[in-house]
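Encoded as structure tokens, the structure appears first; notes follow it.
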Amino acid sequence: MRAVHYLNQFFAGLGGEEAADSSPTRLEGAAGPGRGLGIEIAMTLTCGDDFFGEHEDEALVTLLRWLTDEQPDVLVCGPSFGSGRYGYACGTLAREAARRGIPTVCAMHPESPGVFAAEGAAYIVPTGTNVASMRETLPKVAALATRLAAGEELGSPQEEGYLPRGLRRNEHAGASGATRAIQMLLGKLSGETRTEVTAAFDHVAPPPPAHDLRLETLALVTEAGCVPQGNPDGLPTIRARAWLRYPIGTASSMAAGAFECVHGGFDVTAANADPNRLVPLDVVSQLVREGRIGRLHESFYTTTGNGTPVATSTKFGQEIGLELKQAGVGAVLLSGT
Amino acid sequence: MQLELASYPVAEIDLESTLAGMAFADSRFAAVETAIVEPGESVRLTHVLDAAEPRVKVEDPDATFPGALGTLRRAGEGRTNRIAGAAVVACANFPAEERPLHEQEGLVDMTGPGAEHSLFSSTTNVVLSFTPTESVSNEEFESAVRETKLRVARDLAAQTVGREPLHVETFTHRLGGTEGDGLPAVALLLQLSSLGPLYEIYLYGTTLAGFQPTVINPLEVLDGALTCGEYHWAALRNPTYHFQNSALVRGLLAADGKRLRFAGVIACRGYNQSANDKERAAMLAAKLARELSAGGAIVTTDAGGNSHTDTMLTVRACEQAGIRTVAIVAEMGGLTDYVPEADAIVSVGNGEEYVAEWLPDRVIGGDTLLDGRPAADCGPVPVRNYLGAACQMGDLDLRAVTW
């Protein structure tokens, strides 16, 4: 079994806060808590917590290159306990490694920002807030790492003792949904409310209105699945995993035949006849000409908002929003279907 | 109302020669192939649109599936014969790619790991595979398929008339339900899709376009008033058979006067088109439930995405009207919509989970899946492709749990 271990500067023995801005380093064999894992560590990767936080992209490129060169059977990160910066680095690296097919085990406090950063991609052993729980944590991490390295599938979080990853796995309940619904309702009517689905949807407060549209750059964003004819980038009709950006150029209208609608949730006949009804470039161009909107952002943004889990939509929104903000866009016309 | 449902076990029925004597001549079909498959056979059915239980109205066979096939006459009364343990399964691919159809693959595996994800792995299936003529439109073809499926279901059951059934179940229901000491009144808010052609549930043969929430009798649900022409995600469909044998309607009827008072069924449209339409329908459904004196309601869902918003708004409207609710919802990776009032949800499974690879000996319905993979060797298949696997009326026992 080939294991790689990630530690921050402190646990790798490179120094405390004074070394927190140290760039990624790799060490042969085990270091610090890696020696207590009881599994053979081929390489220890380390990075200063501040460096990771301030140069995340740069740190990840280096760490992931080393990791993919090494081709380990498993990556272990931490334990990072309650540490925010260290936990974030562990969770982020774990997520990226797991998405590259490397099984990953972290150990951290359930409220660490690393849990959120891992996005369910890694197995996380819950720990206490500080190093006092090291002794009880290491054997659990080692056991999961050994099994993952052997290609074993792990059981449920309850059985195995890792934090739920947010997956929704199917099981047979032993009673039909109908029977459970009747039971659940009778229970609720007698004061016992239960549910099989807990949703943690956030609430988006409407932002204040644009101060003066005549001075703003406006961007067109849609979930209507409007793409250039032929769908060159293969936007899915449902459950899109990405959004796309297409230049508008000098066009003042979305020409029929030049664009098509690939949204799988409604009859697209009318949309294909006039793609302006998905991305209202015709009206917005007119308003720009009249001076009622300052200017139009150079590209429109599109995805299919059909069967998309809220977590994915939220991510799309954050990514598009960030890009538009950096481009100086002050207002967005978001056309939904 | 009182309905007698007389059961004739499929083992005692000669399906084969009855089927052999049937004609399928129709200008909308180029071909209709028939097959009978049994549970446990190494067979995968593909392009499955719907399944219906063979039924016939004894006193008036012409009124079987009233409106959708037969004479318009109220369903839910008199005697209906059923072939127990059988289903007529319609398989077809649509002729015109006028809208994205490739998300709508419908499968039934008669054995293997997918068999647990459909009621139709354990029924003897009369499989009808339809091929359209060249020039026929999706809508004309679909209407012919739907009618033929129901006709075969009726004509297969016709041979039971005059014979002694294995057993007879008697169902009764009165609006408001059966009163009993302190029993809570419960309404069933049954969502029925109406999104346009190919996405329609039919009530007495008509779609629910423009429909507002309406009280129907639970015995009508069991007796063929509702038929399926809705071909969204197969797992999230409410197939005709699921209405005819609804575990929820049967469960509520069985509990009526004992554990609860089954106040009635309110048919609600799914896929109301505008925000106003959705709010109005939700409000009117809650209002009807109130008028039935319901203190609790079970809110079902049909298909997904947009229709989940109808479910959630209906839950909210009921809770705001003081009616406690339970919603039945399938998951698509997660929930598509949610309101904080939905504090009691039954999960009927995650359609995005995969079922392990399986290699059937035989494929019926079409050798190539709608996404282009060979049906006999297509690798793991998502649960969403299995007919009725996550039916949001709660007929199966699947549920999703957090890992």
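Yes or no, residue by residue, for (1) at pLDDT below 95; (2) assigned to a strand (DSSP E or B); (3) small (G, A, S):
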site: B:A68; (1), (2), (3): no, no, yes
site: B:A75; (1), (2), (3): no, no, yes
site: B:R82; (1), (2), (3): no, yes, no
site: B:A87; (1), (2), (3): no, yes, yes
site: B:T111; (1), (2), (3): no, no, no
site: B:G114; (1), (2), (3): no, no, yes
site: B:F120; (1), (2), (3): no, no, no
site: B:V127; (1), (2), (3): no, yes, no
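Would it be correct to say that B:L359 is at pLDDT 95 or above and within 7 Å of chain A (Cβ to nearest Cβ)? Against the criterion (at pLDDT 95 or above and within 7 Å of chain A (Cβ to nearest Cβ)), B:L359 does not qualify. The one condition from (1) in contact (Cβ under 8 Å) with a residue 40 or more places away in the chain; (2) more than 10 Å from every other protein chain (Cβ to nearest Cβ); (3) not acidic (D, E) that B:R259 does not meet is (2). Taking the stretch B:386-403 as the range and being more than 7 Å from every other protein chain (Cβ to nearest Cβ) and farther than 19 Å from B:H308 by Cβ as the test, the residues that pass are B:Y386, B:L387.
Checked against (1) outside any loop (DSSP other than H, G, I, E, B); (2) surrounded by 15 or more Cβ atoms within 10 Å (Cβ to Cβ), B:V168 passes all but a single condition, namely (2). Any residue that is part of a strand (DSSP E or B) and touching a helix residue (DSSP H, G or I) at 6+ places or on another chain (Cβ under 9 Å) - is there at least one of those in the stretch B:140-154? The answer is no; no qualifying residue exists.
Taking the numbered list (1) under 30 Å from A:R239 (Cα atoms); (2) more than 14 Å from chain A (Cβ to nearest Cβ); (3) buried (at least 24 other Cβ atoms within 10 Å of the Cβ) in turn, B:A87 passes all entries but (1).
A single member of B:S118, B:S122, B:S194, B:S135 is under 22 Å from B:A267 (Cβ atoms) and either of a type in the set (S, T, Y) or in contact with a Gly (Cβ under 8 Å, 6 or more places away or on another chain) (or both), and it is B:S194. In the set (1) surrounded by fewer than 24 Cβ atoms within 10 Å (Cβ to Cβ); (2) within 14 Å of another protein chain (Cβ to nearest Cβ); (3) modelled with pLDDT of 95 or more, B:A375 fails one condition alone, (2).
Annotation: of all residues in the stretch A:294-308 being surrounded by fewer than 22 Cβ atoms within 10 Å (Cβ to Cβ) and touching a helix residue (DSSP H, G or I) at 6+ places or on another chain (Cβ under 6 Å), the one that is nearest to B:G333 (Cα to Cα) is A:L296.
Considering the stretch B:222-251, the residues that are in contact with a Ser or Thr (Cβ under 6 Å, 6 or more places away or on another chain) and surrounded by 24 or more Cβ atoms within 10 Å (Cβ to Cβ) include one that is nearest to the other protein chains (Cβ to nearest Cβ), namely B:E230.
Surrounded by fewer than 20 Cβ atoms within 10 Å (Cβ to Cβ), in contact with a strand residue (DSSP E or B) (Cβ under 6 Å, 6 or more places away or on another chain) and either at pLDDT below 95 or hydrophobic (A, V, I, L, M, F, W, C) (or both): does that describe A:V288?
Working: surrounded by fewer than 20 Cβ atoms within 10 Å (Cβ to Cβ): yes; in contact with a strand residue (DSSP E or B) (Cβ under 6 Å, 6 or more places away or on another chain): yes; either at pLDDT below 95 or hydrophobic (A, V, I, L, M, F, W, C) (or both): yes.
So A:V288 passes the test.
Counting only helices (runs of 4 or more DSSP H) that sit wholly inside the stretch A:130-247, those with at least 2 residues that are more than 14 Å from chain B (Cβ to nearest Cβ) are A:134-149. Taking B:T133 as the residue in question, decide whether it is surrounded by fewer than 20 Cβ atoms within 10 Å (Cβ to Cβ) and touching a strand residue (DSSP E or B) at 6+ places or on another chain (Cβ under 6 Å). Yes: the conditions hold for B:T133.
Before we move on, is B:G349 facing chain A (nearest Cβ under 7 Å) and surrounded by fewer than 24 Cβ atoms within 10 Å (Cβ to Cβ)? Judged against the criteria, B:G349 is not a match. Look at (1) closer than 30 Å to A:G234 by Cα; (2) of a type in the set (D, E, K, R); (3) in contact with a strand residue (DSSP E or B) (Cβ under 9 Å, 6 or more places away or on another chain) and you find that B:D377 fails only one, number (3). Considering only residues in the stretch A:274-298 that are in a loop (DSSP other than H, G, I, E, B) and within 31 Å of the chain's Cα centre (by Cα), the one that is farthest from A:A224 (Cα to Cα) turns out to be A:P280.
Do the conditions hold for A:V141, that is, is it within 23 Å of the chain's Cα centre (by Cα), buried (at least 16 other Cβ atoms within 10 Å of the Cβ), in the same structural domain as A:I39 (by TED's automatic domain parsing) and modelled with pLDDT of 95 or more?
no
If you check B:E33, B:E98 for being surrounded by fewer than 17 Cβ atoms within 10 Å (Cβ to Cβ), more than 22 Å from the chain's Cα centre (by Cα) and modelled with pLDDT of 95 or more, only one passes: B:E33.
For the stretch A:246-262, does any single residue satisfy the condition of being within 28 Å of B:E341 (Cα to Cα) and not aliphatic (A, V, I, L, M)? Talk me through it step by step, then tell me what you get.
Taking the stretch A:246-262 as the starting set, the residues that turn out to be within 28 Å of B:E341 (Cα to Cα) are none.
No, there is no match, as no residue in the stretch A:246-262 is within 28 Å of B:E341 (Cα to Cα) and not aliphatic (A, V, I, L, M).
Residue by residue, here is whether (1) touching a residue at least 24 places away in the same chain (Cβ under 8 Å); (2) within 18 Å of B:L226 (Cα to Cα); (3) surrounded by 21 or more Cβ atoms within 10 Å (Cβ to Cβ) holds:
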position: B:P54; (1), (2), (3): yes, yes, yes
position: B:P61; (1), (2), (3): yes, yes, no
position: B:L69; (1), (2), (3): yes, yes, yes
position: B:M110; (1), (2), (3): yes, no, yes
position: B:F141; (1), (2), (3): yes, no, yes
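Within the stretch A:50-91, being surrounded by fewer than 23 Cβ atoms within 10 Å (Cβ to Cβ) and within 13 Å of A:P113 (Cβ to Cβ) holds for A:G53, A:E56, A:F81, A:G82, A:G84, A:R85. Filtering the stretch B:189-206 to residues that are within 14 Å of another protein chain (Cβ to nearest Cβ), closer than 27 Å to B:T71 by Cβ and at pLDDT 95 or above leaves B:L190, B:S193, B:S194, B:E200. Would you tally the residues in the stretch B:199-226 being under 23 Å from B:V329 (Cβ atoms), of a type outside the set (F, W, Y) and in contact with an Asp or Glu (Cβ under 8 Å, 6 or more places away or on another chain)? The number of residues fulfilling the criteria is 4.
With the condition kept exactly as written, say whether any residue in the stretch B:35-45 is hydroxyl-bearing (S, T, Y), under 23 Å from B:Y386 (Cα atoms) and outside any loop (DSSP other than H, G, I, E, B).
Within the stretch B:35-45 (the criterion being hydroxyl-bearing (S, T, Y), under 23 Å from B:Y386 (Cα atoms) and outside any loop (DSSP other than H, G, I, E, B)), the answer is no, since none of the residues qualifies.
Quick one: is A:D21 assigned to a helix (DSSP H, G or I) and more than 28 Å from A:E136 (Cβ to Cβ)?
Values: assigned to a helix (DSSP H, G or I): no; more than 28 Å from A:E136 (Cβ to Cβ): yes.
The answer is no for A:D21.
The values are calculated or read from the model by the stated rules, or taken from the named source; none is laboratory data. None of the values given here were measured: they were computed from a predicted structure. Neighbour counts are summed over all protein chains in view; Cβ atoms, including those assigned to glycine, are modelled from backbone coordinates with ideal geometry.
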